[in-house]
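What follows draws every value from the coordinates through simple rules; no lab data is involved. Bear in mind that the values here come from a model prediction, so they are computed numbers and not experimental data. With ideal geometry, Cβ positions are generated from the backbone for all residues, glycine too; neighbour counts draw on all protein chains shown.
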Amino acid sequence: MMDKIPSFERLVESFSRLPGIGKKTAQRLAYYVLRSKNNFTEEFREAIKQVKELINECPTCYTYTENEGDCYYCVDVDRRNDMFCVVEDPADIQQLESSGAFKGRYHVLHGAINPLDGVGPDDLRIKQLISRIKSQATDGEEPIKEVILALDANLEGDTTALYLAKALSEFDIQVSRIAHGVPIGGHIDYVDHRTLGKALENRIVL
Ligand SMILES: [Zn+2]
């Protein structure tokens, strides 16, 4: 074990703040960086910088995009306009896309209601979802027929689903939630594509 080296300790500390990285793994990663060639560390540093500089939230669905305006999914003319799928995180969209089972529009909440962590409805993109539905109903676009909630199968997902079902009850739209196959407590980004396709197909009307 080497002496305490402040710069090395700082790197370990940074790595250990990443989700799922414990102290031991953080140390292994820091040693890897320390021993690696300069071109690796340059590329790594540049990749982190670019992720922060180039990626914006889509002004319509709030997923991440490098586009200046709407994202890839929002500008795609081959998708249905009358169906929304509400997800917690941008990564969930990639999962749903791999399942190939959904061809409508997305809306990203950026989290789920979690009173214990102080996350309420106003901290999520819920108001934006409602104004999106409203404006689509009034500005001559095709009105929305169905909102599918593809939320995690845990307490936060349940709370958010209940809240949204109530908030959307003022509109003449069907609100459903994917259910079967998503294990209790399961994050949808861990579910395999075929199961996720089935879960969408067998969604439950709220
Ligand atoms: Zn978008």
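The table below gives the values:
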| item | result |
| --- | --- |
| Dipole magnitude (debye, nearest 20) for the chain, charges at Cβ of Lys, Arg, Asp, Glu | 740 debye |
| Interchain or long-range residues, amide H under 5 Å from Tyr106's placed H | Cys85 |
| Segment 1-97: GluC sites (Glu not before Pro) falling in loop per DSSP and having at most 15 other Cβ within 10 Å | Glu66, Glu68 |
| Dipole of the chain [Lys/Arg +1, Asp/Glu -1 at C-beta], most positive-end residue of Leu196, Ile144, Gln174 | Leu196 |
| The chain pair-distance distribution - Cα-Cα, 5 Å bins, rounded % | 1, 7, 12, 16, 16, 14, 11, 8, 7, 4, 3, 1, 0, 0 |
| 5 Å binning of all Cα-Cα separations within segment 6-54, expressed as whole percents from 0 upward | 5, 21, 22, 27, 19, 5, 0 |
| Relative contact order computed over the chain (Cα-Cα under 8 Å; 6+ residues apart), in percent | 15 percent |
| Percentage relative contact order, segment 102-166, counting C-alpha pairs under 8 Å, at least six apart | 30 percent |
| Environment charge of Cys58, counting only residues whose C-beta is closer than 15 Å and scoring Lys/Arg +1, Asp/Glu -1 | -4 |
| Hz values of 3J(HN,Hα) by residue in segment 119-130 - Karplus curve (6.51, -1.76, 1.60), Gly and Pro given as x | 9, x, x, 6, 7, 10, 8, 7, 4, 5, 5, 5 |
| Set of aspartates and glutamates with alpha-carbon distance to Lys198 below 16 Å, sequence-local pairs under 8 removed | Asp92, Glu97, Asp152, Asp189 |
| Interatomic Cα distance distribution for segment 67-148, bins of 5 angstrom, percent | 3, 13, 21, 26, 19, 11, 5, 1, 0 |
| Degrees between helix 6-16 axis and first principal axis of the chain (Cα, 0 to 90, nearest 10) | 30 degrees |
| In degrees, nearest ten, helix 23-35 long axis to first principal axis of the chain (Cα) | 60 degrees |
| Debye, to nearest 20: dipole size of segment 1-93, +1 on Lys, Arg Cβ, -1 on Asp, Glu Cβ | 920 debye |
| Rounded Å value of the spacing that divides the Cα centres of segment 117-171 and segment 44-64 | 24 Å |
